[in-house]
Amino acid sequence: MLLALSLLALGIGLRQADRVHFTRHRPLTATAGELIALQRARANDITPALLLAGQWVQIIGWWLLAGQGPLGATTAALGIAVQFRHLQEISHHAVHGVLARTRRANTLLAEVFAHLPLGLVPVPVRKQRHVRDHHPHATQATDPNLADLADAGLRPGISPRRFALALVHPLTPAGLTATVAALVNALRPDAGRYGRLLIFFCVPAAAYLTAGWTAALFGWLIPRLLLYPLLAWLSLVVEHTWFDPEHRTGTTAEVEAGRCLRLYPRSRFLAAFATSTWLPYGDLHHYAHSAHSSLRWNYLPALERHLAPPHFTPAGLFFRLDSVARRHHAALVAVDRRPLARRVG
C-alpha cells in the first residue's frame, strides 16, 4: 500500500514540471497571438516527456493498489480509466503539434506513451481524421465524429430509451463490440509487422507482473474496454451542439461559437471535477480549442476569457432542464418532425 501511494504521489509530482513550466507568469486573459508567442518561447521536449512518464508512474501505482482487496481493485479501475483518458487527451495536443517543441518529438511521444500502449491508430491516421477531417467540418455531414454518433444510434426520431442507451454506448454490447473492433483495426499487422500488437499486449503483461491477475483485470481489461471508452465517449458528446448547430459566418471563433458548447460555466466544483477526470487537458475548454487549435491546453482558460461565449453554455450533462442530453434529444426529435420536403431539400 505504501509503495502504491508513493508511486501515485511521484507520478503527480513528475507531471507538475510541465504545468509549472508552461503556466508560470501566465496572463489571466490575452489574445491568441500573445498566448501563441508565450507558448513558442516555452516550447521544449523534456517537460512533456516528464508529464507522460508521470501518467505511467501513476498507472503502476494503481496496479499495485488493485491488489489491495475489492475496494482497491475498484478504485484502481476507475483511476486507471482516468489515466488512460488523460493520455488520450495529451496525445491529442501532440497530434495538433503543440505538446512538444518539434514535430518528431510530438509524434514520438504520442506513439510511445499513448497510441502504442492503448492500441490507438497510428498518429498520422489520427491526425488526418481529427485535424483535417473533423476540425474544419465539425457538425457537418462529412464530420467523422458525427458518423460515430449516428453509428451509436443518435439519429433523428430516436426513442427516449434508445437515447439513454446511446449516452452510455461503450457499456452496451454493441458499444463493447465497437471498441474491440476498433482495437483489432488499429492493431492489424501492416506488411507483416507485429510491433504495435506486441507493444499493446505488453501493458496487460506488465500489470500482471506488477500485481497479478487482479491488476490485469481491474488495471487493464475493465478500464481499457469499458471505463475509458465511456469517458472518451462522454467527452465527444459534450464537444458540440451536434444536431442543431447555429451556422454562423465570420472569424473562426465566431463560427465555432455557433457549433460548440461550454459545460459547467458557473460551477467551479463541477468544472474542477471534470478537468481532473473525464475532460482533462483543456477538453472542458473545447470551444476555445476549436477557435484556436494551435494553443496548448495551459493557455485555453486565458483565451476563453478573451472570447465571446458560445451560444450554448449548459450547467449539466444529464439531468437539468438545460442539460446537454436534453438539448441533443430535443434536437433529434425536432429534426425527425420536420416535413419530409424540408428534410430532403
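The values are calculated or read from the model by the stated rules, or taken from the named source; none is laboratory data. Please read all numbers here as calculations on a predicted model, not as lab measurements. All Cβ positions, glycine included, derive from the backbone under ideal geometry; neighbour counts span all protein chains shown.
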Matching residues in segment 255-292 (surrounded by 16 or more Cβ atoms within 10 Å (Cβ to Cβ), small (G, A, S) and assigned to a helix (DSSP H, G or I)) number 6
Within segment 96-134, restricting to residues that are over 20 Å from A41 (Cα atoms), within 16 Å of the chain's Cα centre (by Cα) and among the hydrophobic types (A, V, I, L, M, F, W, C), the one that is surrounded by the fewest Cβ atoms within 10 Å (Cβ to Cβ) is V131
> If you go through segment 242-254 one residue at a time, do you hit one that is among the small types (G, A, S), part of a helix (DSSP H, G or I), in contact with a helix residue (DSSP H, G or I) (Cβ under 6 Å, 6 or more places away or on another chain) and at pLDDT 95 or above?
Replying inline: no
Of N44, N106, the only residue that is closer than 21 Å to R296 by Cβ, touching a Gly at 6+ places or on another chain (Cβ under 6 Å) and modelled with pLDDT of 95 or more is N106
When segment 57-71 is checked residue by residue, the ones that are crowded, with 19+ Cβ neighbours inside 10 Å and either over 26 Å from P117 (Cα atoms) or in contact (Cβ under 8 Å) with a residue 60 or more places away in the chain (or both) are I59, I60, W62, W63, L64, L65, A66, G67
* Asked: Just to be sure, is L295 in a loop (DSSP other than H, G, I, E, B), under 25 Å from R40 (Cα atoms), modelled with pLDDT of 95 or more and aliphatic (A, V, I, L, M)?
  -> yes
Reported set for segment 6-41 where residues are in contact with a Gly (Cβ under 9 Å, 6 or more places away or on another chain) and at pLDDT below 95 is none
Scanning segment 148-173 for residues that are surrounded by fewer than 14 Cβ atoms within 10 Å (Cβ to Cβ), in contact with a helix residue (DSSP H, G or I) (Cβ under 9 Å, 6 or more places away or on another chain) and without any contact (Cβ under 8 Å) to a residue 12 or more places away in the chain gives A164
Those residues of segment 218-250 which are surrounded by fewer than 19 Cβ atoms within 10 Å (Cβ to Cβ), more than 24 Å from H86 (Cβ to Cβ) and in contact (Cβ under 8 Å) with a residue 24 or more places away in the chain amount to D244, E246
Counted residues in segment 151-201 being among the β-branched types (V, I, T) and part of a loop (DSSP other than H, G, I, E, B) come to 3
